[in-house]
1. For the chain, what's the relative contact order in percent, using C-alpha pairs closer than 8 Å and at least 6 residues apart?
2. Rounded to the nearest 500 deg cm²/dmol, what is the calculated helix-only ellipticity per residue at 222 nm for the chain, with -39500 (n - 2.57) per DSSP H run of length n ≥ 4?
3. How long is the gain from SER7 to TRP24 if the chain were fully straight, where each residue apart is worth 0.36 nm and the alpha carbon distance is subtracted?
4. So for the chain, taking the charge dipole from beta-carbon charges (+1 Lys/Arg, -1 Asp/Glu), which of PRO8, ILE42, ALA67 sits furthest toward the positive end?
5. Starting from the Cα gyration tensor of region 29-68, take the square roots of the eigenvalues, sort them a ≥ b ≥ c, and report rounded, prolate or oblate (rounded when a/c is under 1.5, otherwise prolate if a/b is larger than b/c, else oblate).
6. For the pair VAL43/LYS17, report the inter-label distance in nm, with labels modelled 7 Å from Cα in the Cβ direction.
7. Would you kindly derive the ³J(HN,Hα) couplings of region 44-49 from the backbone phi angles with the Karplus curve 6.51 cos²θ - 1.76 cosθ + 1.60 (θ = phi - 60°), listing them in order in whole Hz, with x for Gly and Pro?
8. Note the listed values (1) 26, 13, 8; (2) 22, 17, 6; (3) 31, 13, 9, then indicate which one is semi-axes √(5λ) of the Cα gyration tensor in Å calculated from this particular structure.
Amino acid sequence: MDKDTSSPKKLRITYVKSAIGYSWKHKDTIKALGFKHLNDSIVREDTPSLRGMLRKVNHLVKVEELAE
């Protein structure tokens, strides 16, 4: 009954391609992820909701798992 005490995986997400010319849904997803400029990088915990957002804009971002 012990819970797994290991911390969740971290992902480094880099905004590599402009959302110009794509739908407003893609642009809103990029904003919701926290990107302001092209080539910005953010580090987030790996969650199912984050994975869903990344799946929507996978052609605009690069995702790397961080080793802990």
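Each reported figure results from applying straightforward, stated rules to the coordinates on display, with no laboratory input. If you're wondering where the values come from, they're calculated on a predicted model, not measured in any experiment. With ideal geometry, Cβ positions are generated from the backbone for all residues, glycine too; neighbour counts draw on all protein chains shown.
1. 51 percent
2. Value at 222 nm, helices only, nearest 500: -8000 deg cm²/dmol.
3. Difference between extended and current length: 2.7 nm.
4. The residue sitting most towards the positive pole is ILE42.
5. Oblate, since a/c reaches 1.5 and b/c is not below a/b.
6. Calculated label separation equals 2.7 nm.
7. My calculation for region 44-49 gives 9, 6, 6, 10, x, 5 Hz in order.
8. The calculated read-out lines up with (1).
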